[in-house]
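The values are calculated or read from the model by the stated rules, or taken from the named source; none is laboratory data. What you see is a predicted model, and the numbers here were worked out from it, not measured in a lab. Here the Cβ positions follow ideal geometry from the backbone for every residue, glycine too, while neighbour counts run over all protein chains shown. These area figures cover heavy atoms from the full protein model, side chains too; ligands, DNA and RNA do not enter into them. Shrake-Rupley method; radii C 1.70, N 1.55, O 1.52, S 1.80 Å.
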Amino acid sequence: MTKPLGIAADHAGLDLKRALVTELEKRGIAVRDFGTTTSDSCDYPDFAHAVGRAIETDEIERAILVCGTGVGMSISANRHAAVRAVVCSEPLSARMARQHNDANALCIGARVVGTGTAIDIVDAFLGATFEGGRHATRVAKINLA
């Protein structure tokens, strides 16, 4: 990855986001934090849209979004045509989402998985690459309406 990895969370995902940032930086992965930075109640769409716009403008290629379940972040991020956000609660789905769906935003529920599992999910997501081929044809059909 040549561009920084985007990361964002709402108040429910703040502690997990901080733990993930620490782990990623230990590994030498550049991170661009889109917030939140406090535990004050806030709205997850604000952060998902900031990340979505950054993907659309090619400032970042991939991102991790954290909220209570990951679902709200995923729904909001997927409103951006360039985003293919997926909620994952285990590593296999994260790996397959990258390999087969070219997912570029990983959404994690801080109330669903613990830190250790979240790190495993992130590892699977970041360690996988899009396989292309027949999967590229399918991914190209996603935004057709």
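Here are some notes:
- Long-range HN-HN contacts of ILE64 with modeled amide H, under 5 Å: GLY6, ILE7, ALA8, LEU106
- Prolate/oblate/rounded label for region 58-136 (Cα gyration tensor, a/c 1.5): oblate
- Surface per residue (accessible, 1.4 Å probe) for region 1-122, Å²: 44
- Nearest 10 degrees, 0 to 90: helix 44-56 Cα axis against the chain principal axis: 40
- With all protein chains in place and ligands, DNA and RNA left out, the 1.4 Å accessible area ranks MET73, MET96 as MET96, MET73, largest first.
- Electrostatic dipole magnitude of region 11-108 [Cβ: Lys, Arg +1; Asp, Glu -1; Cα centre; debye, to 20]: 280
- For region 14-85, the pair-distance distribution built from all alpha carbon pairs, in bins 5 Å wide starting at 0, is 3, 17, 27, 25, 19, 8, 0 percent.
- The mean of 1/r over all pairs of different alpha-carbon atoms in the chain, once inverted, gives a Kirkwood hydrodynamic radius of 14.8 Å.
- Within the accessible area of region 38-130 (1.4 Å probe), percent carbon and sulfur: 48
- Whichever aspartates and glutamates have a C-alpha closer than 16 Å to that of LYS26, once near sequence neighbours (fewer than 8 apart) are set aside: ASP120, ASP123
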